[in-house]
Amino acid sequence: MNDTQTTETQVELLAELNGAKCRCGKKKQTGNTFCSRCYHALPFGLQGQLYLRFGQGYEAVYARCAKKLDAKGSGRA
Ligand SMILES: [Zn+2]
């Protein structure tokens, strides 16, 4: 389970993290996972976990965040 290889998902997540566009289509700060609107729509517990590093739980946290945002309907462009 603790595979150190970079997966396709990780590559995509890294590209998104380093990009200037949030998954919702809005502009975001490079290095931030989400735009401020998406970020603030997340439960506090998840917000804090976004500071986890790659390979140390970040991917799983991102997946949970994406699910939450989709459920809220704010994931639409
Ligand atoms: Zn957003």
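Here are the numbers for the structure shown:
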{"read-out": "Inter-probe distance in nm under a simple model that places probes 7 Å from Cα toward Cβ, at Lys26 and Phe54", "value": "2.6 nm"}
{"read-out": "Angle between the chain longest axis and helix 8-18 axis [Cα atoms, degrees, rounded to 10]", "value": "50 degrees"}
{"read-out": "Accessible area per residue, Å², segment 8-51 with all protein chains present, probe 1.4 Å", "value": "63 Å²"}
{"read-out": "Reciprocal of mean inverse Cα separation for the chain (Kirkwood radius, Å)", "value": "12.7 Å"}
{"read-out": "Modelled FRET efficiency - R0 22 Å, Gln47 with Lys72, Cβ distances, 0.05 increments", "value": "0.95"}
{"read-out": "Longest site-free stretch - the chain; sites: chymotrypsin sites (Phe, Trp or Tyr not before Pro), DSSP loop, at most 16 other Cβ within 10 Å", "value": "1-50"}
{"read-out": "Rounded percent of accessible protein surface that carbon and sulfur make up, the chain, 1.4 Å probe", "value": "51 percent"}
{"read-out": "Principal-axis tilt of helix 58-72 within the chain, Cα atoms, nearest 10 degrees", "value": "20 degrees"}
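The values are calculated or read from the model by the stated rules, or taken from the named source; none is laboratory data. These numbers were taken from a predicted model, which means no experiment stands behind them. Cβ atoms come from the backbone with ideal geometry, glycine included; neighbour counts cover every protein chain shown. All accessible areas refer to the heavy atoms of the entire protein, side chains included, with ligands and DNA or RNA removed. Shrake-Rupley method; radii C 1.70, N 1.55, O 1.52, S 1.80 Å.
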